[in-house]
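A quick write-up on the structure given underneath.
The values are calculated or read from the model by the stated rules, or taken from the named source; none is laboratory data. What you see is a predicted model, and the numbers here were worked out from it, not measured in a lab. A quick note on method: Cβ atoms are made from the backbone with ideal geometry, for glycine too, and the neighbour counts reach across all protein chains shown.
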Amino acid sequence: MASFKEIVTKAVIGKGKKTFTSTNSVTPSVEASTILGCWVINHNFRGYKTGDSITVEGSYDINIWYSCENDTKTEVIKQTDSYIEKVNVPRKNTTNISGDEEIIVRSLKQPSCIKAEIVDGKIVYTIEKDLGIEIVGDTKVKIAIDEDEDEWDIIEDANENTEENNDEVSKQIDEEVKEEFLD
């Protein structure tokens, strides 16, 4: 029958991913004719625990390139968007033995513009991002231990083996050398 030991260690006690979509708008200084492109850069974020859920706060910069004055000129709008997302991360079948938890947030898919259009003189754009969230905390792990002791291996000293070989070689020489040959 095996016995068990409990080990306290840090482990992932909750993990999940989610796709977030948000729609924002910006009013250009010069009326837009056509949207030529939209780039999302400088994504920064952090996560923390609020009650039983995880809150992720972040921001990114939007650069929208558009044509104006009947497609004869172009302009770029730069804007910083902030967001706050609350999520309930599913927990694994482990029990957290202390209240100290570390929240790790990863961007699994960087924010990107999936749609941009001109509506009533405003540029309306939709941003999509994928975030992965892990909760790391102290937990107990139960392991089976084997209390049977392994047998000891016999260690032969290299010097002992060499002396035995030298004695055998000397004995073989004594037996094989014929003294009549020397005469």
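Values as computed for the structure displayed
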quantity	calculated
Close pairs (9 angstrom Cβ cut-off, 6 or more residues apart or separate chains): among the hydrophobic types (A, V, I, L, M, F, W, C) in region 43-54, outside any strand (DSSP E or B) anywhere	Ile54/Asn88; Ile54/Val89
Test: residue in region 120-137 that is outside any strand (DSSP E or B), touching an Asp or Glu at 6+ places or on another chain (Cβ under 9 Å) and farther than 30 Å from Glu6 by Cβ	yes
Where a residue in region 1-24 is closer than 23 Å to Ile103 by Cα and its partner, wherever it lies, is at pLDDT 90 or above and loosely packed, with under 14 Cβ neighbours inside 10 Å, with Cβ under 7 Å and at least six apart	Lys17/Leu108
Filter pass, Gly99 being out of contact with any Gly (no Cβ under 8 Å at 6 or more places or on another chain) and within 20 Å of Ile13 (Cβ to Cβ)	yes
Count of residues meeting criterion [of a type outside the set (A, V, I, L, M, F, W, C) and more than 34 Å from the chain's Cα centre (by Cα)] in region 56-95	9
Single condition Asn70 does not satisfy, out of (1) assigned to a strand (DSSP E or B); (2) without any contact (Cβ under 8 Å) to a residue 60 or more places away in the chain	(1)
Any hit, region 35-54, residues being over 23 Å from the mean Cα position of the chain (by Cα) and exposed (fewer than 11 other Cβ atoms within 10 Å of the Cβ)	yes
